[in-house]
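**Q** Could you have a look at this structure, given as structure tokens, before my questions?
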Amino acid sequence: MNAADSSALVVFSGGQDSTTCLAWALSHYERVETIGFWYGQRHAVEMECREPIRQGVARLSPLWASRLGPDRVIPLDVLGEVSVSALTADLLVASSRTDGLPATFVPGRNLVFLTFAAIAAFQRGLKRVVTGVCETDFSGYPDCRDDTIKALQTALNLGLNSRLVLETPLMWIDKAETWTLAEALGGDGLVELIVHETHTCYNGDRRTWQEWGFGCGQCDACRLRSAGWQRYSQARSWRVWD
């Protein structure tokens, strides 16, 4: 793989999944940049977590530090204006939509994010866009499905006359396996960084401490993260005893 091909842009929110994806990309590619999006999300505190996490990840490995490139944040406030969601409006996070989708579903969010990320990657000469979408342990968002990502990759490459690859390293693993992947990539240091620095809670709670990190413990994001941590911790304790 030549240097041009060994490059990636990570869609980086400051959460557990995107931080794991950042470590994954740094382990696989020689040049890695990050991109984030401000879209009027109620858990905007995640945006404040991004740079400390980037710095923390770089400190974990000299190789990672040498590979980590610049970051950029794209304002997409209009998405919050046209997509009514509990993540962008004063609605109950735990409620449901009339179409059966979670209230936290932001219509078109991943489609828009990945389109803008692909444009940025194309302009920067980066060959891959890495995203933490997952179809195994997720909140039921249709734009997280493998079929959606594959179809979007085809459309983007046709529209850009390019050969970009949308990488989804978490697509077929659950949250417990995501914790395990983080440990395999960066050891206890990465796991501790994810616990203490990342933000996943949809309610934006950075005051309530849980054993898996900060969060309300009630929203879908917290419940998935908590359940995954419990399964991961149990499996890890068995490994220690073995």
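The values are calculated or read from the model by the stated rules, or taken from the named source; none is laboratory data. Everything quoted here is computed from the prediction, not taken from an experiment. When we count neighbours, we look across all protein chains shown, and the Cβ atoms used for this are built from the backbone with ideal geometry, even at glycine.
**Q** Among what's in the range 213-228 and is in contact with a Ser or Thr (Cβ under 9 Å, 6 or more places away or on another chain) and without any contact (Cβ under 8 Å) to a residue 40 or more places away in the chain, pick the residue that is surrounded by the most Cβ atoms within 10 Å (Cβ to Cβ).
**A** The qualifying residue surrounded by the most Cβ atoms within 10 Å (Cβ to Cβ) is G215.
**Q** Among (1) surrounded by 15 or more Cβ atoms within 10 Å (Cβ to Cβ); (2) modelled with pLDDT under 80, there is one condition N110 misses while meeting the rest; what is its number?
**A** (2)
**Q** Identify, by number, the condition in (1) at pLDDT 80 or above; (2) more than 24 Å from R72 (Cα to Cα) that C134 doesn't meet.
**A** (2)
**Q** Going by the conditions given, is G159 over 26 Å from W64 (Cα atoms) and touching a His at 6+ places or on another chain (Cβ under 6 Å)?
**A** No, not satisfied.
**Q** Also, I was wondering about something else. Step by step: first the residues of the range 42-83, then only those that are assigned to a loop (DSSP other than H, G, I, E, B) and in contact (Cβ under 8 Å) with a residue 60 or more places away in the chain, then the one that is surrounded by the most Cβ atoms within 10 Å (Cβ to Cβ). Which residue is that?
**A** Ranking the candidates gives H43 first.
**Q** What are the residues in the range 186-212 that are crowded, with 22+ Cβ neighbours inside 10 Å and in contact with a His (Cβ under 9 Å, 6 or more places away or on another chain), if any?
**A** H199, T200, C201, Y202, listed by residue number.
**Q** Taking P142 as meeting all but one of (1) at pLDDT below 95; (2) surrounded by 15 or more Cβ atoms within 10 Å (Cβ to Cβ), write down the number of the exception.
**A** Failing condition for P142: (2).
**Q** Kindly evaluate R231 against the criterion of being in contact with a Lys or Arg (Cβ under 9 Å, 6 or more places away or on another chain), surrounded by 20 or more Cβ atoms within 10 Å (Cβ to Cβ) and either under 27 Å from S7 (Cβ atoms) or not aliphatic (A, V, I, L, M) (or both).
**A** On the way: in contact with a Lys or Arg (Cβ under 9 Å, 6 or more places away or on another chain): yes; surrounded by 20 or more Cβ atoms within 10 Å (Cβ to Cβ): no; either under 27 Å from S7 (Cβ atoms) or not aliphatic (A, V, I, L, M) (or both): yes.
No: the conditions fail for R231.
**Q** Among the residues of the range 24-41, write down those that are under 25 Å from E183 (Cβ atoms) and not in a strand (DSSP E or B).
**A** Of everything in the range 24-41, those that are under 25 Å from E183 (Cβ atoms) and not in a strand (DSSP E or B) turn out to be W24, A25, L26, S27, H28, Y29, E30.
**Q** Moving to a separate point now. Before we move on, is A8 over 18 Å from the mean Cα position of the chain (by Cα), at pLDDT 95 or above and over 17 Å from A182 (Cβ atoms)?
**A** Numbers: over 18 Å from the mean Cα position of the chain (by Cα): no; at pLDDT 95 or above: yes; over 17 Å from A182 (Cβ atoms): yes.
Spelling it out, it is not the case that A8 is over 18 Å from the mean Cα position of the chain (by Cα), at pLDDT 95 or above and over 17 Å from A182 (Cβ atoms).
**Q** Could you list all residues from the range 141-172 that are in contact (Cβ under 8 Å) with a residue 40 or more places away in the chain and of a type in the set (D, E, K, R)? Spell out the reasoning first.
**A** Narrowing the range 141-172 to residues in contact (Cβ under 8 Å) with a residue 40 or more places away in the chain: 141-142, 152, 156, 160, 162, 164, 166-167, 169-170.
Within the range 141-172, E167 is the sole residue that qualifies.
**Q** Answer yes or no as to whether L193 is in contact (Cβ under 8 Å) with a residue 24 or more places away in the chain, assigned to a helix (DSSP H, G or I), under 24 Å from L114 (Cβ atoms) and not β-branched (V, I, T).
**A** In short, no.
**Q** Across the range 191-227, what is the total count of residues that are of a type in the set (V, I, T), under 18 Å from I173 (Cα atoms) and at pLDDT 95 or above? Can you show your working first?
**A** So in the range 191-227, the residues of a type in the set (V, I, T) come out as 191, 194-195, 198, 200, 208.
Now drop any that are not under 18 Å from I173 (Cα atoms), which leaves 191, 194, 200.
From what is left, the residues that are at pLDDT 95 or above are 191, 194.
Number of matching residues: 2.
**Q** Quick check on this structure: which one of R54, R67 is under 17 Å from the mean Cα position of the chain (by Cα) and not acidic (D, E)?
**A** On the way: R67 fails: under 17 Å from the mean Cα position of the chain (by Cα).
The unique qualifying residue is R54.
Here's the yes/no breakdown for (1) aliphatic (A, V, I, L, M); (2) modelled with pLDDT of 95 or more:
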position	(1), (2)
M47	yes, no
G56	no, yes
D77	no, no
A86	yes, no
L101	yes, no
F116	no, yes
G125	no, yes
